[in-house]
Amino acid sequence: MTREDKLIQKLEQGEPGAADELIAAFYPEVLRYCLWHAPDRSLAEDAAQETFLKAIRYFDRYTHQGKFKSFLYRIAANTCTDMRRKYCRPDISLEESAIEPGYEEPAFDAIRSDMALRQLVSGLPPDQREIVLLRFGQDLTLRETAEVVKLPLRTVQSKLRSALKKLKKESEKTAGKDVPHENKITRKRNTGT
């Protein structure tokens with residue numbers, strides 16, 4: 001029996017503290033997911049809290065089949081969508097959201113890579129962006145990703161493959177722009193002009 005199964009069983013039995021254990025186990029992942037979709041950190045925190053309130057409120061409708069994480073991510077996705085509509089804030093640019101810390105925190109590299117991933121996928125269609133963020137930003141398996149987006153596994157695989165091809169082409173285009181310039185410089189150095 002997995003830790004998730006034990007927590008769900010405790011929650012079903014009405015054991016005191018079971019909800020707190022469940023929230024403690026999944027809160028960091030759900031908050032990170034909400035940070036991908038909310039316009040700022042405070043709204044992401046609100047969305048994460050609202051996700052758990054809804055999960056507990058509607059727990060009697062959930063039938064445990066080892067997919068509680070997917071259940072939480074679906075709630076979080078819907079909550080973030082609702083908050084975005086409610087507050088209707090425009091997306092902020094990567095430069096505006098960058099924080100210049102005076103010192104390095106242990107998680108700073110993770111934040112920086114999250115920001116780079118967000119910028120990288122910003123040009124993808126929303127359905128592909130969501131799949132890439134769930135798969136690589138949240139480290140979900142393809143099966144878990146399919147459960148969250150409510151698509152067949154093969155469709156998720158296909159959309160992910162297509163998204164990765166687009167990202168590869170975009171990076172080749174960007175790299176290709178720099179190469180001719182470098183070739184001109186190299187030629188000038190070699191010919192002495």
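The values are calculated or read from the model by the stated rules, or taken from the named source; none is laboratory data. In this text, all values refer to a predicted model and were calculated from it rather than measured experimentally. Neighbour counts run over all protein chains shown; Cβ positions are idealised from the backbone, glycine included. Heavy atoms of the whole protein, side chains included, go into the accessibility calculation; ligands, DNA and RNA do not. Shrake-Rupley method; radii C 1.70, N 1.55, O 1.52, S 1.80 Å.
Odds and ends about this structure:
- The one condition in (1) at pLDDT below 85; (2) open to solvent by 60 Å² or more (accessible area, probe 1.4 Å); (3) under 18 Å from Ile8 (Cβ atoms); (4) not aromatic (Phe, Trp, Tyr) that Arg85 fails to fulfil: (3)
- Test: Leu72 is under 19 Å from Lys6 (Cα atoms), open to solvent by less than 40 Å² (accessible area, probe 1.4 Å) and either basic (Lys, Arg) or at pLDDT 85 or above (or both): yes
- For segment 131-155, the set of residues classified as among the hydroxyl-bearing types (Ser, Thr, Tyr) and either under 15 Å from the mean Cα position of the chain (by Cα) or crowded, with 20+ Cβ neighbours inside 10 Å (or both) consists of Thr141, Thr145, listed by residue number.
- No other residue among Glu21, Glu4, Glu29 is in a helix (DSSP H, G or I) and touching a Gly at 6+ places or on another chain (Cβ under 9 Å) apart from Glu4.
- For segment 131-145, the criterion of being at pLDDT below 55 and among the acidic types (Asp, Glu) is met by no residue.
- Among the residues of segment 61-82, those identified as without any contact (Cβ under 8 Å) to a residue 12 or more places away in the chain and part of a loop (DSSP other than H, G, I, E, B) are Tyr62, Thr63, Gln65.
- Hits in segment 138-148 - residues which are assigned to a helix (DSSP H, G or I) and free of Cβ contacts under 8 Å to residues at least 60 places away in the same chain: Leu142, Arg143, Thr145, Ala146
- Subset of segment 42-60 (residues that are part of a helix (DSSP H, G or I) and open to solvent by 50 Å² or more (accessible area, probe 1.4 Å)): Ser42, Glu45, Asp46, Gln49, Glu50, Leu53, Ile56, Arg57, Asp60
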